[in-house]
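Scroll down for the structure; my scribbles are underneath it.
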Amino acid sequence: RSPAGMLLVATGLLLAVAAGGRGSPAAEQESPPGSRFVCTSLPLDAAGAGCPLPPVPMQGGALPPEEELKATVLQLRETVLQQKETIGSQREAIRELTGKLSRCEGADGKSAAGTWKNEVGKGKDTMGDLPRDPALVIEQLSRTMQTLKDRLESLEHQLRANVSYAALPGDLREMLQRRLGDLERQLLSKVAELEDEKSLLHNETSAHRQKTETALNALLERVSELEKGTSAFKSPDEFKVSLPLRTNYLYGKIKKTLPELYAFTVCLWLRSSASPGIGTPFSYAVPGQANEIVLIEWGNNPIELLINDKVAQLPLFISDGKWHHICITWTTRDGMWEAFQDGEKLGTGENLAPWHPIKPGGVLILGQEQDTVGGRFDATQAFVGEMSQFNIWDRVLRAEDIMNIANCSINMPGNIIPWVDNNVDVFGGATKWPVETCEERLLDL
């Protein structure tokens, strides 16, 4: 290229630098307070369009080329000196602008400090600069402090209102009182409803509770019996009652009572070596008649059967200290009776309280004779020994059945009074023990 072209290019570059120096830092310094830098990304191919070279002034087209070139050089030298002075005075602004431009380039045209909206709402990204005017900064801080103070006072007021009920306004207090009153009435209503439900539930479950208590009492009674040793019996009827002393307080009691009877059969196993007489194996008393049914051997008298206080002597001999099976039958028709010992009929008779039905609802005692219903025992009439398998039927058993019972061929519990453990209570020192087997009792005969 020619020297003139090279000179023109250099001149354009200098003018571009000078224009950049004036446009950015100088404009920044002369801009009003509160203005902000705006960073905008430009494409690389738009750099030439954004920085056009200034035209070189031409002075008089008629001058010779050497004179024109000389005048241009002088003009450029003066311009360079002016721009050098301007650049020197704006060096700080250039460094600040360079730092901001580097931040813009590093964030791809977006501010690292935040995004600001301009005053007209165009939404451009800015550098987040604060106003540089100290007066504006102080004014802004004052406004912020006042806002914080107002918020603090509001919080303190709310805190005092929450802590102190008296600090509440009158309308609010009245509203709260009404609300508390409503809640209290609702609570009292709910309590009343619960009380009503409780009463209904109590009434509905009283019958069930009574049944439960009855069942529990029966269970406790059975447990008590088992604890006393009745569980040692192999079956409910394999026990005996022992009355070892002649007293007026040892006895057994049958829980069940007799219905009205027009005939009966009483059978039992007993063993006694008492002398004189074995005493009273059993007695049945009813109101108005203590001797409704009595089997007794008293003193040197023979064994007697009393029905309605009428007496029949029985041909039985059982005071040898061995087990014996005794059966007695009676019917109201003609007052006929029979006496069996160890399966054999030893005697019979009639006219023993004929046409007299046995009265119901009395007390049946083992081992004592009753002078009143259930009491007034006499020690001289007490039974001494052991007894078992005390059964009562409401009919006269056949002689064959009595024989089979006595020789252990059959086991016939009484249909009116059966010999079972839970139907016999003992008092005064009388005890219940496991009994010898029927075969063992037969060997004792």
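The values are calculated or read from the model by the stated rules, or taken from the named source; none is laboratory data. Everything numeric here is computed off the predicted structure, so don't read it as measured data. Just so you know, the surface numbers come from the protein's heavy atoms only, side chains and all, with ligands and any DNA or RNA stripped out. Shrake-Rupley method; radii C 1.70, N 1.55, O 1.52, S 1.80 Å.
How large, in Å, is region 170-229 by the Kirkwood hydrodynamic radius built from its alpha-carbon pairs?
That comes to 15.9 Å for region 170-229.
Could you list which residues have their amide H under 5 Å from that of residue 431, counting only those 5 or more apart in sequence or on another chain, with H placed in the peptide plane?
Under 5 Å from the amide H of residue 431 lie the amide H atoms of 242, each far enough along the sequence or on another chain.
Taking all protein chains together and a probe of 1.4 Å, list 95, 77 from the most accessible to the least accessible.
Largest to smallest exposure gives the sequence 77, 95.
Rounded to the nearest 10 Å², what accessible area does residue 271 show when all protein chains are kept and the probe is 1.4 Å?
Ignoring ligands and nucleic acids, residue 271 comes out at about 60 Å².
In square nanometres, what is the average projected area of the Cα convex hull of region 239-442?
Over all viewing directions, region 239-442 projects a mean Cα-hull area of 9.6 nm².
Just how much of residue 202 is accessible, in Å², when a 1.4 Å probe is used and the result is rounded to the nearest 10?
About 100 Å², ignoring ligands and nucleic acids.
With all protein chains present, calculate the accessible area of residue 220 using a 1.4 Å probe and round the result to the nearest 10 Å².
Per-residue accessible area (residue 220): approximately 110 Å².
Please turn the phi angles of region 260-271 into ³J(HN,Hα) values with the Karplus equation 6.51 cos²θ - 1.76 cosθ + 1.60 (θ = phi - 60°), one per residue in order, whole Hz, x for glycine and proline.
In residue order, the calculated couplings are 5, 10, 10, 6, 7, 10, 10, 10, 6, 9, 8, 9 Hz.
Grab region 239-442 and count how many Lys pairs have their alpha-carbon atoms under 28 Å apart, sequence gap of 8 or more, or different chains.
23
Once phi is turned into θ = phi - 60°, what whole-Hz ³J(HN,Hα) does the Karplus curve with 6.51, -1.76 and 1.60 give for every residue of region 385-391, x standing for Gly and Pro?
After applying 6.51 cos²θ - 1.76 cosθ + 1.60, I find x, 10, 9, 7, 6, 7, 10 Hz.
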